[in-house]
Amino acid sequence: MTDYSLWKSQIEAAWEDRSLLHQPQTLEAIDGIIAAIDAGALRVAEPTADGWQVNEWVKKAVVLYFPVRKMETLEAGPMEFHDKMALKTGYAEKGIRVVPHAVARYGAFIDRDVILMPSYVNIGAYVGARTMVDTWATVGSCAQIGSDVHLSGGVGIGGVLEPLQAAPVIIEDGAFIGSRCIVVEGVRVEKEAVLGANVVLTASTKIIDVTGPSPVEYKGRIPARSVVIPGSQPKDFPAGTYHVPCALIIGQRKESTDKKTSLNDALRTYNVAV
């Protein structure tokens, strides 16, 4: 295992003293970390035996990469961009299918057999093997997307660069995220969960399991294999009582829906939309 302790200390020092960004050793550390993220050797967050571990110093390196980069003109065929970040390249060798106009930034790791429909993957993100990023879906900076995930059309997975939040959004292996869902503010969708269309999850969204005789409430995470739809609940305001959004766990995904090709059945079982 590579020892990243020197890079880590240099990043922590530069985070506290931005004048160090002009030193060659700091620039070398930042460039090395971004290259390691791009190759999948380093991650902003990673699963461990004790749960997810957030590598805050890696995220700091991603943030520090912006001020040390200069704007430049980038060309891809007839398309032209003007940005600080290079585009990811070498898709054929990496075994990734990229449909025009999908764009991924250098510094995002995309594993083999991923399919990128016209979509966007930002720097620091991790996208696991065989995942589908569908049309107009966005994977925000440092978001962690597992293997065999389906991000349906128009899904918005939030990033964590501005402001610097404690944890990135995490979508674990085998999850299905329905059309136009929004997952932000470090919410974790656990393994093989299914979100119906238009579910919005923020750090403060109430997630209510309504499958039993009494509601069970969660915040910040969707339990594994849950089937979730958008809902609302009444809330009292000075001007009256109004309904505010929440998410409802209406059941559990069955063993028969383990394959991506049958994921729609997990929602049809409960008569809700994809």
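Looking only at the range 136-144, decide whether some residue is crowded, with 24+ Cβ neighbours inside 10 Å, free of Cβ contacts under 8 Å to residues at least 24 places away in the same chain, outside the structural domain of G32 (by TED's automatic domain parsing) and assigned to a strand (DSSP E or B).
no
Counting only residues that are among the hydroxyl-bearing types (S, T, Y) and without any contact (Cβ under 8 Å) to a residue 60 or more places away in the chain, how many does the range 74-114 have?
Counting residues in the range 74-114 that are among the hydroxyl-bearing types (S, T, Y) and without any contact (Cβ under 8 Å) to a residue 60 or more places away in the chain gives 2.
Assuming T2 fulfils every condition listed in (1) among the hydroxyl-bearing types (S, T, Y); (2) in contact (Cβ under 8 Å) with a residue 24 or more places away in the chain; (3) part of a helix (DSSP H, G or I) apart from one, which condition is it?
Of everything listed in (1) among the hydroxyl-bearing types (S, T, Y); (2) in contact (Cβ under 8 Å) with a residue 24 or more places away in the chain; (3) part of a helix (DSSP H, G or I), T2 misses just condition (3).
Quick one: in the range 65-111, of everything that is among the charged types (D, E, K, R) and either part of a strand (DSSP E or B) or under 15 Å from V139 (Cα atoms) (or both), which residue is modelled with the lowest pLDDT?
E75
Out of all the residues in the range 180-222, which are loosely packed, with under 15 Cβ neighbours inside 10 Å and not in a loop (DSSP other than H, G, I, E, B)?
V216, E217, listed by residue number.
Using beta carbons and a limit of 9 Å, which pairs, at least six apart or on different chains, have the first residue in the range 187-207 and at positive phi and the second one surrounded by fewer than 24 Cβ atoms within 10 Å (Cβ to Cβ) and among the acidic types (D, E)?
Sorted first by the residue in the range 187-207, then by its partner, the pairs are E192/D148; E192/E172; E192/D173; E192/D258.
Looking at the range 161-177, is at least one residue farther than 23 Å from T205 by Cβ and either assigned by TED's automatic domain parsing to the domain that holds V199 or within 13 Å of the chain's Cα centre (by Cα) (or both)? Don't jump to the end; show me each part of the working.
Just the residues of the range 161-177 that are farther than 23 Å from T205 by Cβ, to begin with: none.
Within the range 161-177, none of the residues are farther than 23 Å from T205 by Cβ and either assigned by TED's automatic domain parsing to the domain that holds V199 or within 13 Å of the chain's Cα centre (by Cα) (or both).
The values are calculated or read from the model by the stated rules, or taken from the named source; none is laboratory data. Quick caveat: nothing in here was measured; it's all calculated off a predicted structure. Glycine also receives a Cβ, built like all others from the backbone with ideal geometry; neighbour counts cover every protein chain displayed.
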